[in-house]
1. Could you work out the relative contact order of the range 212-307, using alpha carbon pairs under 8 angstrom and six or more residues apart, expressed as a whole percent?
2. As an exercise, use a Förster radius of 30 Å and the Cβ-Cβ distance of residue 248 and residue 34 to find the FRET efficiency, rounded to the nearest 0.05.
3. Which peptide among 20-27, 92-99, 192-199 comes first, and what is the full order, when sorted by highest mean count of other Cβ atoms within 10 Å?
4. If you restrict to DSSP beta bridges whose two residues both lie in the range 3-174, what percentage is antiparallel, to the nearest 5?
5. How much length, in nm to one decimal, is gained on full extension between residue 154 and residue 62, taken as 0.36 nm per residue of separation minus their Cα-Cα distance?
6. In nm, give the distance between the simple-model label positions of residue 109 and residue 177, each being 7 Å from the Cα along the Cα-to-Cβ direction.
7. 222 nm [θ] for the chain, helices only, -39500 (n - 2.57) per DSSP H run of 4+, per residue, to 500?
8. For the residue pair residue 50 and residue 88, what label-to-label distance in nm results when each label sits 7 Å from Cα along the Cα-to-beta-carbon direction?
Ligand code: KPL
């Protein structure tokens, strides 16, 4: 199987590196920048969760016209870049099973509008690009994947098998929308609070103030999930468990905010608030967290009355 990985951020680099290290034919599809240039010149250095280091050679393609034929493509660009990236790499990905493991709501829909075979899921691994050419696997998590649209074939099982063999244990799920919402609840419990308070994920499980914030954001968002027809059992407990398991991880939103990059707040807290409005539900905690992240980050458009 030849796998393309679209996006060379932390998760894209981690997945591409683990696949290539397991001898899966892997091509990183990404734009330039220091990190991509370093991977091209010297290979990708991976520091595994157990501290082991290795360097893997990965093919990097920056021009969509030069992309090889792919069997599957993992989309890891930030959620706000999904539609544009999908348009740009549309021909390159057209014959592949296109899978999103990104954070947030709306990515699978954006891909389904452009590709025939879309898989969707979640991953709670923690990773960050420590310096150009070096990705650190900061926390081992779960990965779930299922068919979003397209033929009922064994593509989810094949891709899950390839990922599992590469060390990313992946479960095939029948209801990827439910899995996505579960992950969204984890992210609204962890991401904004850790980004704004500049703490590692573990602080939300260890400290009373952290637990209170996590519980309020998750409980409120879970009501929205239920209004959307998604069954969620014990989302607070699940989120605390992820915060504990990724205790030393710097959340993706904190990484983005500290690097001055656009965050995924619109696909997470913003999307929860927008759907709460549709269902006539209150969402003051997520609305406040979203506005604080917008205020702290580079993308606040200054418009009023946003979700
Ligand atoms: O998905 C994550 C993120 O940082 O976006 C978690 C699971 C919170 C790990 O850091």
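None of the figures in this text is laboratory data; all of them are computed from the coordinates on show. Being a predicted model, the structure only gives us computed values, none of them experimental. Glycine also receives a Cβ, built like all others from the backbone with ideal geometry; neighbour counts cover every protein chain displayed.
1. Details: 71 pairs, mean separation 29.9, N = 96.
Once normalised by length, the contact order is 31 percent.
2. 0.75
3. 92-99, 192-199, 20-27
4. Counting only bridges with both partners in the range 3-174, antiparallel ones make up about 40 percent.
5. 30.1 nm
6. Going from the residue 109 label point to the residue 177 one covers 1.1 nm.
7. Values: 13 runs with 134 residues, N = 307.
Mean residue ellipticity, 222 nm, calculated: -13000 deg cm²/dmol.
8. Between residue 50 and residue 88, the label points sit 3.7 nm apart.
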